[in-house]
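Nothing in this text is a laboratory measurement; each read-out follows from the coordinates by a stated rule. Not measured: the values here are computed from a predicted model. When we count neighbours, we look across all protein chains shown, and the Cβ atoms used for this are built from the backbone with ideal geometry, even at glycine.
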Amino acid sequence: MPKPEIGRTTPAVSEIMLPLSGLSPVNGKALSARFDGGALTSDAGLLAVREVERRLDVAGRLATGIDDPRDPLRTVHSVTDILRFRMLMIAAGYEDGIDANALRHDPVFKLALERLPGERDLCSQSTISRLENLPDRRMLLRMGRSMVGLYCASFAQVPKRITLDIDDTFDAVHGGQQLRLFNAHYDDYGFQPIVVFDGAGRFVAAVLRPAKRPNGREITAHLRRLIREIRSHWPRVEILLRGDSHYCAPEVLDFCRAQSVDFILGVASTTTLRRRTATLEQSTIARVDQSSGTKLRRFKEFHDAAASWSRVERIIARVEAGPQGCDTRYIVTNLTRGGGKALYEKLYCARGQAENHIKAWKAHLAADRTSCTSAAANQLRLFLHAGAYWLMWSLRAALPPRSTWRHAQFDTLRLRLIKIAARVVELKTRITIHLPTACPAAPLIRLLLERLPRMAPT
């Protein structure tokens, strides 16, 4: 459906009735097409996403953190409905808020928000924009706690141990946004939010910040709030923190030890570390030269400490040599069990999946659409896109474990499961959704809807 002009809610009647131009005839018969089909939708699969949202209650959780200043007697659209509508839009691929002016009439979007097709339309883009600019810092902190609560509620039972992958990503901006900063590495202005996922890909937290490397004090402040909130739900859970060398600050190491948090973090190469591995590097290169030229990987463990560290720590060095030279990486951990090779290859390297989760969040759910002037509004947008991530991740997790769809990208799921045309017929006692007879994804949709009730309400 074409985007309406700014400030318009519905196309003019003349625009609807005007036939589309440029259609060639078929077998001598002219083709005529108009936007006058009535109660049709291109997003029928959104009803499955609705079932996921009803069980997760993402919008309801986020809404509890927002103080609504509006007169209840004059309020048409609740905060929960506005948030739910926007998250469903993002999940369906409508990252621009202006699309709400057309989608507010869509019968399936209405059904997804517990509203009959013939009832009042959903909220407009201007209503969404006003909500984006409403929260202050206290509200945003409460919403952040709600996201952690959603994460904890997603488990059927309390886990014994969880793994938290912390990382940051660059979001380019092209306006006068608050907190924007020039980053020389990316040669652009933008933000560099800190994002946390767990080892299975569940979204945990996101914090908007300027486009610079986070320092130890900033990271520790974020971790303190996060760990405190997690342990308010699970007091005895064991926590493992994974991250690259950006997060190997002395403040972070001390915080983890003080809070009984295990860690395995990358360490930037230093003269002292290179000196400890020089002999191993030389012998590894020599072995490669004498062999067939394939890569050889070896490991070394030792205890050492940077000048800024409060104590010596366990260091694991990975030396990899091949025809193109030698590459040495270092990690630090307080884990006492497990060999260096297993800890590096099976545990630390698994944090690379966090980058894939961030990629899916940004590329498939437009999480980098932080174009508001206010930093608070852009932080709210991160929460909205995180909520959309939860909907798509949970939709995928509901599919059979051995199904290839269990590992599908979010944009693939959207194309095959959400972007389905349908006709909505509202009768006196029921509503019927007429889906295409020739729908390739029909068996998958049947299977998905059969399995969704097994998702326990949170």
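Quick rundown of the values:
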| item | result |
| --- | --- |
| Three-way shape call for the range 334-458 based on the alpha-carbon gyration tensor, with the a/c threshold at 1.5 | oblate |
| Unit charges at the beta carbon, dipole of the chain: most positive-side option, Cys256, Gln157, Gly28 | Gln157 |
| Low-density loop cleavage sites - trypsin sites (Lys or Arg not before Pro) in the range 216-298, where at most 10 other Cβ are within 10 Å (DSSP) | Arg236 |
| Debye log10 I(q)/I(0) at q = 0.07, 0.11 Å⁻¹ for the chain, Cα point scatterers | -0.45, -0.96 |
| Charge dipole of the chain about the Cα centre (unit charges at C-beta), most positive-ward option of Leu62, Ala286, Thr270 | Ala286 |
| Cα-based Kirkwood hydrodynamic radius, the range 137-371, one decimal, Å | 19.5 |
| Extension reserve of the Leu181-Thr272 stretch, reckoned as 0.36 nm per residue once the Cα distance is removed | 29.4 nm |
| Full-stretch length increase - Leu427, Leu415 - with 0.36 nm per residue and alpha-carbon distance subtracted | 1.4 nm |
| Lysine pairs meeting the criterion (Cα under 18 Å, 8 or more apart or interchain), as found in the chain | 6 |
| Peptide ranges 84-97, 194-207, 132-145 listed from the most packed, as the mean C-beta count within 10 angstrom indicates | 84-97, 194-207, 132-145 |
| Student exercise, the chain dipole from Lys, Arg, Asp, Glu Cβ charges, in Debye to nearest 20 | 1260 |
| Inter-label distance for Leu141 and Ala307, nm, one decimal - labels placed 7 Å from Cα along Cα-to-Cβ | 3.7 |
